[in-house]
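These notes are about the structure you will find just below.
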Amino acid sequence: MTSVTHRTARTPWLYLAPALVVLAGLLVYPIYQLGLISFFQYTQAQVSGGQPTTFEGFSNYSALFSDPQFWRVLLATVLFAAACVVSTLAVGCALAVLLTRVRAVPRLALLLAALGAWATPAVTGSTVWLFLFDPDFGPVNRLLGLGDHSWTYGRLSAFFLVLLEVVWCSFPFVMITVYAGIRAVPAEVLEAAALDGASQWRIWRSVLAPMLRPILTVVTIQSVIWDFKVFTQIYVMTNGGGIAGQNLVLNVYAYQRAFASSQYSLGSAIGVVMLLILLAVTLVYLRLLHRQGEDL
């Protein structure tokens, strides 16, 4: 009986073994190399073989944490990612509810438009948004009567422009996922809430949001990870971080340190810090939900 129990317990792991081996090769090994390089002096001199690679311990992290620019970029990244996550969830959830209220034809049109935005490559989407807000040829400035106002010159306006593009290409995932969740909610529950005189906002806050919490957890964590790692939109729309690096986020900052300055070990240290921040945010969020009695 005991051997049968052990064999049964091992069976799921046998099925998962191929996927775990692939994940270990694609995720664990690169993370190991990233962490390893962050503890060495690894610049262009070491890459070309001109100097030996030397172990530096935590000196790269010490240099990083003593750099005022790193803390400015980290703060900007956190605020920008938070604004993107909140905006994406708000737009995605609102449109998901809208999908349940409209007829088949407009629902199909909205789904196709969202899928088109989702499927558009980040470089293409960024270029299109740059054209829309172009000071000379863009239609937005003409409609708003802003003349030759440059949206990418000021720090906040540039971040706002990038935020619009990030939300535009991210909301379809939230919208479709939440819409699928709403369709799974029994219609009797929503009808009962409507018969009790609850407004649409009250139905969402008191009925749908609690029932969709596992789905909202997934899309929130996914959005946090995506928006914290935004690279292409910032790099393309602000020409590598804006004037004097005013629109730098951590991903672009790490790229500049690693490849523009050939400080590969410092860039790796920034990557490790980003990884730890995302893991901490995810674990804290899951911990809070677990304390609230949610089955994750």
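The values are calculated or read from the model by the stated rules, or taken from the named source; none is laboratory data. Please read all numbers here as calculations on a predicted model, not as lab measurements. Methodologically, a virtual Cβ is constructed for each residue, glycine included, from the backbone with ideal geometry; neighbour enumeration extends over all protein chains shown. Just so you know, the surface numbers come from the protein's heavy atoms only, side chains and all, with ligands and any DNA or RNA stripped out. Shrake-Rupley method; radii C 1.70, N 1.55, O 1.52, S 1.80 Å.
Side notes on the structure shown:
- Dividing the summed -39500 (n - 2.57) terms of all DSSP H runs of n ≥ 4 by the residue count of the chain sets its mean residue ellipticity at 222 nm at -22500 deg cm²/dmol.
- In terms of packing, defined here as the mean over residues of other Cβ atoms within 10 angstrom, the peptides 34-41, 229-236 line up highest first as 229-236, 34-41.
- Annotation: per residue accessible area for segment 1-79 equals 73 Å², rounded to a whole number [probe 1.4 Å, protein chains only].
- As computed over segment 1-130, the Cα convex hull volume per residue (Å³): 298 Å³
- Apolar share of the accessible surface for the chain: 68 percent from carbon plus sulfur atoms, 1.4 Å probe.
- Computed from phi, the 3J(HN,Hα) profile of segment 9-16 under the Karplus parametrisation 6.51, -1.76, 1.60 (θ = phi - 60°) reads 5, 7, 4, x, 5, 5, 5, 7 Hz, with x in place of Gly and Pro.
- Hydrodynamic analysis of segment 21-87 uses the Kirkwood radius over alpha carbon pairs. Inserted into Stokes-Einstein at 37 °C and 0.692 mPa s, it gives a translational diffusion coefficient of 222 µm²/s.
- Alpha-carbon centroids, segment 56-109 and segment 188-203: separation in whole Å: 31 Å
- Projection of the Cα convex hull of the chain, averaged over all directions and equal to a quarter of that hull's surface, yields 23.7 nm².
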